[in-house]
Amino acid sequence: MGGLTLNYIIRRVVIFLLTIWVSITIIFLVARLAPGDPISAMVAQASASMGVVENQDAIIEGWKEYFGLNDPIPVQYVKFLGNLLTFNFGPSLIAFPAQVNELIARALPWSIGLGLVTLPLIFFIGNLFGALLAWRRTPGPLKAFIPMTMIFTSLPSVLAGLVFIFVFAFRMKLFPISGPFGRGMQPSFTIEFISSLIHHGILPVASLVIVSFGFWTLGMRGMMVTTEGEDYMTLADAKGLPPFYVLYRYQVRNAILPQVTALAIALRTLVAGQILVEAIFSYRGIGTLIYTSIRNQDYNTIQGTSFVVILFTAVSVLVIDLIYPLIDPRISLEGN
Amino acid sequence: MAETPAEQVKRRQRKVLEVRNLRVHYETPTGDVIAVAGIDFDLYDGETLGLVGESGSGKSTAAYGILKLVQPPGRIVDGDVTLDGDELVHMSDSNFRQIRWTKLALIPQGAMNSLNPTMRVHRQITDAIEAHEGKQDKETLRERVLELFRMVGLPQRVYNMFPHELSGGMKQRVCIAMGIALHPTVVIADESTSALDVVVQRVVAQTMLRVKQALGVSMIMIGHDMGLMAQMVDRIAVMYAGKLVEVAPVETIFDEPMHPYSQVLIESIPSLKERKPLKITEGITHDPRNPPPGCIFQLRCPYVMERCRSDAPPLRELLARHEVACHLYNDDGSLIEDATMEAAS
């Protein structure tokens, strides 16, 4: 029978754990192999801005001791593994003494909130348009209209964002130019705050949706065309089933399977954030955090955000893997 | 349903399906490929007609033309198909949808990809029932499906299974059960047993025949296995390059094939007793976009005459219930005088 088997679940979980372990190891090695030394760089920066820093070597040595960089590599590795698994990423080098996990915890809700609105919209609009583009019975004018909506697909989302800011915020003054909510407001569960949140969110969401759904449309259209040629489609027509039923129960139902896989990978953007869009709209999400930490060589924050993004991607792939047998009954056979 | 022989004879004389001048073309950048070049035949009540021919002869396209399932770039160019008094080719899609499955059903190559992989088997049968009879009580539907399973010899456990959990033979039985679910007047079986091994093929074919007799449906069987056809069908229609070249009762055509193509086709059936070369490879075929004037078989025909290159021979009833499209014969079925039949041997 289709569905989850214990064997299948165990296999997926083992793959999940392996992914996490390999990624942690890569993060560890990359940081050690990369040229430059963040602590020397920091001290050099400090001395450049303040003129002279006394006892430079002692300071560097002290920091190295503090971050455990004098331990042998294997010891560092084991400590590192333990720290990451307990979400202890250490202090931020730039926003010191703030802890990296505090920064992440503060940024995460913004990115997830943005993603939870945009991703379902992109997935829904993209697949709907793709299905309608490929369907034989879609009215001609609609078929001609859909490709026109996709002209923004080739734009970078930043550019769409800038155009939107210029037209709708700057010129027409319909929406605020930037920021996640009205200036001077305190986050709360009041209608006033929530409506401000939505008002500020519309442009970033729209600029992300308009540049992204086209890829889903093209993917879906391709799968719909493939499915169209399947024998079961011919048989469904021969049975005299209502056309709309054939569309969603036979054609879309099968065409959407690879799209769901792609969705698992796209879920990463929930946490990884939309770096540039967040930046131009001054959204305080993970994207902005990654952006500033890379600019400032804030290694601890880079490692922390990388780990959170990887963990989230792996978890979403695991979740999709676990629900996949429910949407494609053939999958669980693979485990046998 | 015991029928007296007299009743049966009478029933067998009633035409349920009449196909007239059916033409199906496939559009290509270099011109239309003429897949079905105007064919005429009748199907009688309770009869099984075998439609045979080599790959590309247009037999499946003809069937899909009758079912109005020809997909672009293919299209029905001309012709009339009359089923129980209703003309199908010019009927509107929504009206034809009422006829589909209730009167005209298809049994596809079930062993291939004919079942929706994301739907349980029973649902793929009941959706057809409900599309034509309206929503029904779950238990009633279940009983009906299980009754169909009994008729085609499927175990009850198949009811809740997914297609990928079934063997090729079981999938084929599911397709048969599906095809007869609404007691259609005519069933078209398109190479229904081709993808199965010979043992399963035989069993499935027998199931199909048994079910057909129990329900009294008329059937068009499409295939290329002459041996299987010989045991399954009442009449055989031989197709070559989009044309019917010979239609005759099955015994007659095996004993005395009249059209040169039928002759080589039947001679090519392999035998254990002797090794013989495949006769049919002689000669070349024409470009299907641009058939030569005259007979469609002239390029491969061992007896080709001057006349064959200019006049296309019509399908004529030369002997009782034996139609042939060939210039070699007079209207009474005798050979014309200057025919050189020895040329073959």
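The values are calculated or read from the model by the stated rules, or taken from the named source; none is laboratory data. What you see is a predicted model; the values in this text were computed from it and never measured. Note that each Cβ is placed from the backbone with ideal geometry, even for glycine, and that neighbours are counted across all protein chains shown.
Looking at B:Lys68 and the list (1) farther than 18 Å from B:Ala35 by Cβ; (2) of a type in the set (D, E, K, R); (3) at the interface with another protein chain (Cβ under 10 Å from one of its Cβ atoms), which single condition is not satisfied?
(1)
Considering only residues that are among the polar types (S, T, N, Q), surrounded by fewer than 17 Cβ atoms within 10 Å (Cβ to Cβ) and within 9 Å of chain A (Cβ to nearest Cβ), which ones fall in the stretch B:79-127?
Residues of the stretch B:79-127 among the polar types (S, T, N, Q): B:82, B:92, B:94-95, B:98, B:102, B:109, B:113-114, B:116, B:118, B:124, B:126.
Subsequent filtering for residues that are surrounded by fewer than 17 Cβ atoms within 10 Å (Cβ to Cβ) retains B:82, B:92, B:94-95, B:98.
Hit for the stretch B:79-127 is B:Gln98, nothing else.
Name the helices (runs of 4 or more DSSP H) wholly inside the stretch A:255-336 in which the number of residues that are among the hydrophobic types (A, V, I, L, M, F, W, C) and more than 27 Å from A:Pro91 (Cα to Cα) is 3 or more.
A:257-266, A:299-327
Report, by residue number, each residue of the stretch B:292-337 that is within 23 Å of B:Ile236 (Cα to Cα) and of a type in the set (Val, Ile, Thr).
B:Ile296, B:Val324
For every residue, the table says whether it meets (1) within 29 Å of A:Asp328 (Cβ to Cβ); (2) within 27 Å of the chain's Cα centre (by Cα); (3) not in a loop (DSSP other than H, G, I, E, B).
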position: B:Phe96; (1), (2), (3): no, yes, yes
position: B:Leu106; (1), (2), (3): yes, yes, yes
position: B:Gln124; (1), (2), (3): yes, yes, yes
position: B:Glu130; (1), (2), (3): yes, no, yes
position: B:Gln136; (1), (2), (3): yes, no, no
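Are there any pairs with C-beta distances below 9 angstrom linking a residue in the stretch B:214-226 that is assigned to a helix (DSSP H, G or I) to a residue that is of a type outside the set (A, V, I, L, M, F, W, C), with the two at least 6 apart or on different chains, and if so which?
Matching pairs, first to second residue: B:Leu215/B:His183; B:Leu215/B:Pro184; B:Met226/B:Gly50; B:Met226/B:Ser268.
If you take the residues in the stretch B:163-191 that are more than 12 Å from chain A (Cβ to nearest Cβ) and not hydrophobic (A, V, I, L, M, F, W, C), which one is farthest from B:Val217 (Cα to Cα)?
Filtering first and then ranking leaves B:Ser167.
Which of the residues belonging to the stretch A:120-153 are touching a residue at least 24 places away in the same chain (Cβ under 8 Å), within 30 Å of A:Thr292 (Cβ to Cβ) and surrounded by fewer than 20 Cβ atoms within 10 Å (Cβ to Cβ)?
A:Leu121, A:Phe152, A:Thr153
Check whether at least one residue in the stretch B:63-75 is under 17 Å from B:Ser218 (Cβ atoms) and assigned to a strand (DSSP E or B), and report yes or no.
Within the stretch B:63-75, the first condition is being under 17 Å from B:Ser218 (Cβ atoms), and the residues that meet it are B:63, B:66-67.
Filter once more, keeping what is assigned to a strand (DSSP E or B): none.
Within the stretch B:63-75, not a single residue is under 17 Å from B:Ser218 (Cβ atoms) and assigned to a strand (DSSP E or B).
Conditions tested, residue by residue: (1) touching a Gly at 6+ places or on another chain (Cβ under 7 Å); (2) modelled with pLDDT under 90; (3) crowded, with 22+ Cβ neighbours inside 10 Å; (4) under 30 Å from A:Ile280 (Cα atoms).
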{"position": "A:Trp216", "(1), (2), (3), (4)": "yes, no, yes, yes"}
{"position": "A:Gly219", "(1), (2), (3), (4)": "yes, no, no, yes"}
{"position": "A:Gly229", "(1), (2), (3), (4)": "no, yes, no, no"}
{"position": "A:Met233", "(1), (2), (3), (4)": "no, no, no, no"}
{"position": "A:Ala238", "(1), (2), (3), (4)": "no, no, yes, no"}
{"position": "A:Tyr250", "(1), (2), (3), (4)": "no, no, yes, no"}
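Is there any pair linking a residue in the stretch A:261-290 that is more than 14 Å from A:Gly113 (Cβ to Cβ) to one that is in a loop (DSSP other than H, G, I, E, B), with Cβ under 6 Å and at least six apart or on different chains, and which?
Listed pairs, sorted by first residue: A:Ser282/A:Ser178; A:Ser282/A:Gly179.
With the requirement that a residue be assigned to a strand (DSSP E or B) and of a type in the set (Gly, Ala, Ser), what does the stretch B:23-60 give you?
Keep residues of the stretch B:23-60 that are assigned to a strand (DSSP E or B), which gives B:23-26, B:33-44, B:48-52.
Those that are assigned to a strand (DSSP E or B) and of a type in the set (Gly, Ala, Ser): B:Ala35, B:Ala37, B:Gly38, B:Gly50.
Of the conditions (1) closer than 26 Å to B:Arg120 by Cβ; (2) surrounded by fewer than 21 Cβ atoms within 10 Å (Cβ to Cβ); (3) more than 14 Å from chain A (Cβ to nearest Cβ), B:Val145 fails just one. Which one is it?
In the conditions (1) closer than 26 Å to B:Arg120 by Cβ; (2) surrounded by fewer than 21 Cβ atoms within 10 Å (Cβ to Cβ); (3) more than 14 Å from chain A (Cβ to nearest Cβ), B:Val145 misses (2) alone.
Among all residue pairs at least 6 apart or on different chains, which show Cβ distances below 8 Å where the first residue, located in the stretch A:175-190, is free of Cβ contacts under 8 Å to residues at least 40 places away in the same chain and the second is loosely packed, with under 14 Cβ neighbours inside 10 Å?
A:Ile177/A:Phe170; A:Phe181/A:Pro187; A:Met185/A:Glu192
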